[in-house]
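Input: a single structure, listed below in structure tokens.
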């Protein structure tokens, strides 16, 4: 699988506290190994077709969607946003 990050995601990540950045890196490694790991709490976001959420910590989430590379047909995971839990309501 190919992993990509939107600019919004990169900017939001850069503004996270260092301890949350470290937790996010750990969560992303786990996500690459096993996206269905229970500690990530991955699920679809209600009312947002095609957008998923995952847990970094109790209060922080990341959002993503799946796409397909038109040239290779390989699946792409696009990280959309990361931040406090309320990003799910405002701008996933």
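Read-outs: derived from the displayed coordinates by stated rules, not from any lab. Because the structure is predicted, anything quoted here is derived from the model rather than measured. FYI the Cβ positions are ideal-geometry reconstructions off the backbone, even for glycines, and counts take in every protein chain you see.
Observations
Here is a yes/no grid of residues against (1) within 11 Å of the chain's Cα centre (by Cα); (2) touching a residue at least 40 places away in the same chain (Cβ under 8 Å):
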{"position": "22", "(1), (2)": "no, no"}
{"position": "36", "(1), (2)": "no, no"}
{"position": "45", "(1), (2)": "no, yes"}
{"position": "55", "(1), (2)": "yes, no"}
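Conditions tested, residue by residue: (1) touching a helix residue (DSSP H, G or I) at 6+ places or on another chain (Cβ under 9 Å); (2) within 14 Å of residue 5 (Cα to Cα).
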| residue | (1), (2) |
| --- | --- |
| 38 | no, no |
| 56 | yes, no |
| 60 | yes, no |
| 73 | no, no |
| 76 | no, yes |
| 86 | no, no |
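- Of the residues making up the range 57-83, those that are more than 12 Å from the chain's Cα centre (by Cα), part of a strand (DSSP E or B) and either under 14 Å from residue 13 (Cα atoms) or without any contact (Cβ under 8 Å) to a residue 12 or more places away in the chain (or both) number 2.
- Just one of the listed residues (44, 26) is closer than 23 Å to residue 1 by Cα, touching a strand residue (DSSP E or B) at 6+ places or on another chain (Cβ under 6 Å) and surrounded by fewer than 19 Cβ atoms within 10 Å (Cβ to Cβ), and it is 44.
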